[in-house]
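FYI, it's all coordinate maths here, none of it is from the lab. Source: prediction; values computed, not measured. Virtual Cβ from ideal backbone geometry, glycine too; neighbours counted across all protein chains shown.
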Amino acid sequence: MKNKKIIIIGAGITGLVTAYELLKQGHKVVIIEKEADVGGLARSFKYDDMIFDIGPHRFFSDQTTINSYIKNILNCDFFKISRLSAVFFEGKYYKWPISFLSIFKMSFKNIMSIIFDLLFLKMKHANNYKEYVENKYGKTLYKIFFKGYTEKFFDIDAKQIHQMWAQESINRVLIVKKTNNILGLIKYFLKSNFSREKKFIYPKTGGIQVFSQNLKEKITALGGEFELNADIQEVQITNNSAVAVKTKKNVYESDIVVWTAPLTALCKIMNIATELKYRNLIIFNYIIKKIDKKYAVNNYQWCYFGDRNITLNRTSKPMLFSKNNINHKYDSVCVEVSCSQNDSFWDTPEILKTKITSELLQLNVISSETDVVNIFAEKIENVYPVYTLNFENDLNIVKNKIANINNLYLAGRSGLFWYNNMDDSIENGLDISKKINETT
Ligand SMILES: Cc1cc2nc3c(=O)[nH]c(=O)nc-3n(C[C@H](O)[C@H](O)[C@H](O)COP(=O)(O)OP(=O)(O)OC[C@H]3O[C@@H](n4cnc5c(N)ncnc54)[C@H](O)[C@@H]3O)c2cc1C
């Protein structure tokens, strides 16, 4: 039976896709969102006509149905762009994912050491991130590439990070799946040099958030409601059912609740103790004078910095996604710094501005401090689920505690404590709405 009252928590991509699909089936939908606008992690900041996403965001999927869905929501108003990203280590920029030829830019010692490792790769059981990466790509590549970046990113020893982080983060960008031997790696390297990577999709105007804004319009046109800037006080449970969601301003009766906000927020509301935690992100959005293209870094859409002496994790150039992200006068750079709530600079990110500006100077992203026109610091909470060694167990404890609530669905990156991409969130939204339809 349709016409159910469905409350969706979170207006990120998962929440919006789920809402839209359920409305099309004739259900009543209310979306409750903490922020002032939709889009979640895939939203954009606008300062006059300069647009910044939360770090580099591109639509990429191998599935025709998902690609068609994206194109349809974007009203066919998008660019198809070839990827050009880099990693910086030992003072040089390397194309990322690393190509066969770029290995020869490394020192002779490193080249020999990598080849030696690859010749003797063995399938072994891995207990953590470090062991997984060493087994798969060798000790040298682990040491020079992965260790520094990952430990800086999480601020914990790589031995304390679950191997699933490597499976989900490295494998999808770096290497074809079957590469536990030298042949697989050679195949990958040759492929990466001689085959053309599929292009990614990016909105022509308005930044990545256009996808969510278009969905919001479609949802509103179908009668869906939003409470933005919402503060959820309670999910009211009666006889193992979530019968209402209370915000500071309203009470919404519910037949079904879909929770896409961080799982830890649900735990807090329901008084469930948990060790699960997310890593936060501060983005420093730099508006800069137009800079000479001769600096290599400015030709990459994004670039990773693993060196622990460098505070920033990654830079990205909004204009290399769409030239409409900048105006005729200025250029821009988005700088990411991962952090936790306890870091001193989380409360006052401004204190990092001078340091980051001098790093950008040192890395040739800018040519002089006077190139900087303005810097906007934006704090983003609950960005990366921290896959500690024990996280699966911690996650199961939470899931078991809410398993008896028969009409509460967890979904999306934050709701499922899942390091995912936008295409995964779209697919998840489609799956959840299908499941709800089949059971109502
Ligand atoms: C730096 C960065 C770069 C990325 N690059 C890419 C890329 O290139 N390609 C790609 O496909 N993906 C990329 N991603 C991942 C992509 O952003 C996510 O997969 C996607 O946006 C997740 O959408 P979601 O709706 O599942 O989750 P979220 O976006 O986390 O949505 C959850 C929503 O819940 C809201 N919320 C939080 N707390 C509450 C509360 N208490 N009450 C109500 N609402 C609440 C949040 O504000 C948010 O709107 C990137 C992510 C980051 C951080």
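Quick notes on this one:
- Calculated FRET efficiency for the pair LEU84/LYS379, C-beta based, R₀ 25 Å, to 0.05: 0.30
- Derived scalar couplings between HN and Hα for region 235-241 equal 10, 7, 10, 9, 6, 6, 10 Hz in order, rounded to whole Hz, by the Karplus curve 6.51 cos²θ - 1.76 cosθ + 1.60 (θ = phi - 60°), x for Gly and Pro.
- Dimensions in Å of region 231-378 - Rg and Dmax from alpha carbons: 21.2, 66
- Distance between modelled label sites at GLN63 and SER358, nm, 7 Å Cα→Cβ extension: 4.8
- Assuming charge only on the beta carbon of Lys and Arg (+1) and of Asp and Glu (-1), the dipole of the chain about its Cα centre is about 1500 debye to the nearest 20.
- Highest average packing first - 74-87, 407-420, 103-116, Cβ atoms within 10 Å: 407-420, 74-87, 103-116
- Based on the Kirkwood approach, the hydrodynamic radius assigned to the chain is 23.2 Å, with every pair of different Cα atoms included.
- Axis angle, to the nearest 10 degrees, between helix 108-119 and the longest C-alpha principal axis of the chain: 60 degrees.
- Kirkwood-based Rg to Rh ratio, region 10-76, C-alpha trace: 1.00
- Residue (of ILE32, TYR419, SER102) at the positive-pole extreme of the chain, dipole from beta-carbon charges: SER102
- Two-site FRET efficiency, THR439 against THR238, from Cβ-Cβ distance with R₀ of 22 Å, rounded to 0.05: 0.70
- Global geometry of region 1-115, whether rounded, prolate or oblate, following the gyration tensor of its Cα atoms and the 1.5 cut on a/c: prolate
- CD proxy at 222 nm, helix term only [per DSSP H run n ≥ 4: -39500 (n - 2.57); per residue of the chain; nearest 500]: -9500 deg cm²/dmol
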